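A.B. asks: Submitted below is the structure of interest, expressed as structure tokens.
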Amino acid sequence: MGRARRFCAHPGCTIRVPKGRCREHARAYDRQRGTAAERLYTSRWQRISKRWLSKPGHQLCVYCQEKGRITAAECIDHEPPHRGDPVLFWDQSTWRPACISCNSRKAVLQEGGFGRRRGR
């Protein structure tokens with residue numbers, strides 16, 4: 001038995017898919033979003049961010065700590081969001097250690113991630 005089919009994630013699309021977007025909207029979304037390198041997430045970023053997260057004081061998720069939880073940081077959150085600005089992207093004073101869950105939640109709620117309108 002296959003996975004339950006639901007509507008494509010693109011607003012208004014009536015094509016049913018197992019997950020995410022239909023082929024047409026997936027291609028359009030990828031073109032609009034750009035590649036990881038176009039969004040500044042290059043091999044240089046991978047190297048530098050990994051090194052930064054290994055340093056003392058950058059190893060725990062700051063958002064989990066605010067809630068009294070202890071969770072290992074897995075990625076760097078940019079606060080405020082860089083929105084493609086390379087100067088802001090590389091400014092380490094805007095970097096916050098975060099777990100994937102908190103970083104994704106913040107992207108959805110505050111930055112308009114997954115096609116949602118931007119929050120506060």
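A.B. asks: Quick one: count up the residues across segment 58-110 that are out of contact with any helix residue (DSSP H, G or I) (no Cβ under 7 Å at 6 or more places or on another chain), under 15 Å from ILE48 (Cβ atoms) and part of a loop (DSSP other than H, G, I, E, B).
C.D. replies: Within segment 58-110, residues that are out of contact with any helix residue (DSSP H, G or I) (no Cβ under 7 Å at 6 or more places or on another chain), under 15 Å from ILE48 (Cβ atoms) and part of a loop (DSSP other than H, G, I, E, B) number 1.
A.B. asks: Look through segment 78-100, keep the residues that are at pLDDT 95 or above and of a type outside the set (A, V, I, L, M, F, W, C), and return whichever of them is nearest to GLU38 (Cα to Cα).
C.D. replies: So the residue we want is ASP91.
A.B. asks: Can you tell me which residue is farthest from CYS75 (Cα to Cα) among those in segment 16-51 that are under 18 Å from the mean Cα position of the chain (by Cα), in a helix (DSSP H, G or I) and of a type outside the set (D, E, K, R)?
C.D. replies: Top of the filtered list is ALA26.
A.B. asks: Of all residues in segment 12-30, how many are at pLDDT 75 or above and either under 23 Å from ARG83 (Cα atoms) or among the polar types (S, T, N, Q) (or both)?
C.D. replies: First, the residues of segment 12-30 that are at pLDDT 75 or above: 12-29.
Going one step further and asking which of them are either under 23 Å from ARG83 (Cα atoms) or among the polar types (S, T, N, Q) (or both), we end up with 14, 25-29.
The qualifying residues number 6.
The values are calculated or read from the model by the stated rules, or taken from the named source; none is laboratory data. This structure is a prediction, so every number in the text was calculated from the model and none was measured. Backbone-built Cβ (ideal geometry, glycine too); neighbour counts: all protein chains shown.
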